[in-house]
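Novice: My questions will all concern the structure given below.
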Amino acid sequence: MKLALMTQPTFFVEEDKILTSLFEEGLDDLHLYKPGSEPMYSERLLTLLADEYYKRITVHTNFYLKEEYKLRGIHIEDETTPAPKGYKGHITRTCTHLDQLKEAKRHADYVLLKYIFDSQTEADQKATFTMAELQEASRRGLIDKHVYALGGMNMDTVRTARDLGFGGIVISGDLWNRFNIHQELDYRALIDHFVKLRKAVG
């Protein structure tokens, strides 16, 4: 299984240092997710990262950043919105309905299926599928190596995702909740947890 990381939706002081440390520890799939933010802040963050890491970053908005910084690709937040005209590169998508997975996979390198478990970052976002529904989707081949599990992913749910046949998991709250962006400077616990997650994912 693969391990992808979703950034915090907001920018914070230590972010470039933490991301650099995560890349150094083997992070190879970062989703730059900053909804509603001004593009200049994403540009500033990118300039603080070594350009050798750009090829590991997929951007969720301001798609021009993909070409300007030679990023890995772009992410489209639904199953059906077409890619920008003329775009030929790496594409990922978000999918929220099992019956749309097959179509979403046809137009993406991989699809983020959410919410698999209760979200650890959005308290009101609960799991939207039963385990029986996920098992049936796996049996039918809808869940495969091109589908990543998003929502409530942590050390305890990695095995379930693997058993269901997901190609990867997307970590967000399980990692970021280990660092208070307003009060802390020491992010070693966050990095150590990432290392454990990488080993668990395999």
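Novice: Taking Asp192 as the residue in question, decide whether it is open to solvent by less than 80 Å² (accessible area, probe 1.4 Å) and either within 30 Å of Val13 (Cα to Cα) or touching a Lys or Arg at 6+ places or on another chain (Cβ under 7 Å) (or both). Full working, then the answer.
Specialist: Working: open to solvent by less than 80 Å² (accessible area, probe 1.4 Å): yes; either within 30 Å of Val13 (Cα to Cα) or touching a Lys or Arg at 6+ places or on another chain (Cβ under 7 Å) (or both): yes.
Criteria met by Asp192.
Novice: Would you check which residues across the stretch 135-152 are under 27 Å from Leu27 (Cα atoms) and open to solvent by less than 30 Å² (accessible area, probe 1.4 Å) and list them?
Specialist: Leu142, Ile143, Val147, Tyr148, Ala149, Leu150, Gly151, Gly152
Novice: OK, next. Of the residues that sit in the stretch 166-182 and are in a loop (DSSP other than H, G, I, E, B) and surrounded by fewer than 20 Cβ atoms within 10 Å (Cβ to Cβ), which one is modelled with the lowest pLDDT? Please lay out each step first, then the result.
Specialist: At the first step, the residues of the stretch 166-182 found to be in a loop (DSSP other than H, G, I, E, B) are 166-167, 172, 177-182.
Keeping just the survivors that are surrounded by fewer than 20 Cβ atoms within 10 Å (Cβ to Cβ) gives 167, 177-178, 180-182.
On the way: Gly167: 98, Asn177: 90, Arg178: 88, Asn180: 80, Ile181: 72, His182: 69.
That would be His182.
Novice: Need pairs with beta-carbon distance below 6 Å; first residue within 21 Å of Ile191 (Cα to Cα) and among the polar types (S, T, N, Q) and within the stretch 149-175, second open to solvent by 10 Å² or more (accessible area, probe 1.4 Å) and assigned to a loop (DSSP other than H, G, I, E, B); sequence gap 6+ or separate chains.
Specialist: Thr157/Phe117; Ser172/Thr121
Novice: Leu185 fails exactly one of the following numbered conditions: (1) surrounded by fewer than 16 Cβ atoms within 10 Å (Cβ to Cβ); (2) modelled with pLDDT under 95; (3) of a type in the set (A, V, I, L, M); (4) assigned to a helix (DSSP H, G or I). What is the number of that condition?
Specialist: Going through the list (1) surrounded by fewer than 16 Cβ atoms within 10 Å (Cβ to Cβ); (2) modelled with pLDDT under 95; (3) of a type in the set (A, V, I, L, M); (4) assigned to a helix (DSSP H, G or I), Leu185 breaks only (4).
Novice: Ok, one more. Restricting the search to the stretch 153-163, which residues are part of a loop (DSSP other than H, G, I, E, B) and open to solvent by less than 10 Å² (accessible area, probe 1.4 Å)? Working first, answer last.
Specialist: Residues of the stretch 153-163 part of a loop (DSSP other than H, G, I, E, B): 153-157.
Across the stretch 153-163, the qualifying residue is only Met153.
Novice: If you scan the stretch 29-55, which residues turn out to be in a loop (DSSP other than H, G, I, E, B) and open to solvent by 20 Å² or more (accessible area, probe 1.4 Å)? Reasoning before the result, please.
Specialist: So the first thing to find is which residues in the stretch 29-55 are in a loop (DSSP other than H, G, I, E, B), and the list is 29, 33-38, 48-50.
Answer for the stretch 29-55, where residues must be in a loop (DSSP other than H, G, I, E, B) and open to solvent by 20 Å² or more (accessible area, probe 1.4 Å): Tyr33, Pro35, Gly36, Ser37, Glu38, Leu48, Ala50.
Novice: If you check every pair at least six apart or on different chains, which have Cβ atoms under 7 Å apart with a residue in the stretch 41-67 that is touching a residue at least 24 places away in the same chain (Cβ under 8 Å) and closer than 20 Å to Glu77 by Cβ first and a residue that is of a type in the set (Gly, Ala, Ser) and assigned to a helix (DSSP H, G or I) second?
Specialist: Filtered contacts from the stretch 41-67: Leu65/Ser42.
Novice: Further, regarding this structure: What are the residues in the stretch 105-115 that are in a loop (DSSP other than H, G, I, E, B) and either among the basic types (Lys, Arg) or at pLDDT 95 or above (or both), if any? Explain how you work it out, then say what you get.
Specialist: Narrowing the stretch 105-115 to residues in a loop (DSSP other than H, G, I, E, B): 107-109, 115.
Residues satisfying the conditions are Ala108, Asp109.
Novice: Starting from the stretch 68-97, take each residue that is modelled with pLDDT of 95 or more and list its partners that are part of a helix (DSSP H, G or I) and open to solvent by less than 30 Å² (accessible area, probe 1.4 Å), counting only C-beta distances under 6 angstrom and pairs at least six apart or across chains.
Specialist: Filtered contacts from the stretch 68-97: Tyr69/Leu46; Tyr69/Tyr54; Lys70/Tyr54; Leu71/Tyr54; Arg93/Ala104; Cys95/Leu101; Cys95/Ala104.
Novice: Which of the following residues is outside any loop (DSSP other than H, G, I, E, B) and crowded, with 19+ Cβ neighbours inside 10 Å: Leu71, Leu5? Lay out the reasoning, then the answer.
Specialist: Working: Leu71 fails: outside any loop (DSSP other than H, G, I, E, B).
Within the list Leu71, Leu5, the selection yields Leu5.
Novice: Consider Lys102 carefully, then state whether it is crowded, with 18+ Cβ neighbours inside 10 Å, charged (D, E, K, R), touching a residue at least 12 places away in the same chain (Cβ under 8 Å) and not in a strand (DSSP E or B).
Specialist: No, not satisfied.
The values are calculated or read from the model by the stated rules, or taken from the named source; none is laboratory data. From a predicted model like this one, the values you see are computed outputs, not experimental measurements. We place every Cβ from the backbone using ideal geometry, glycine too, and count neighbours over all the protein chains shown. The protein model used for the area step is the full one, side chains on, heavy atoms only, and it has no ligands, DNA or RNA in it. Shrake-Rupley method; radii C 1.70, N 1.55, O 1.52, S 1.80 Å.
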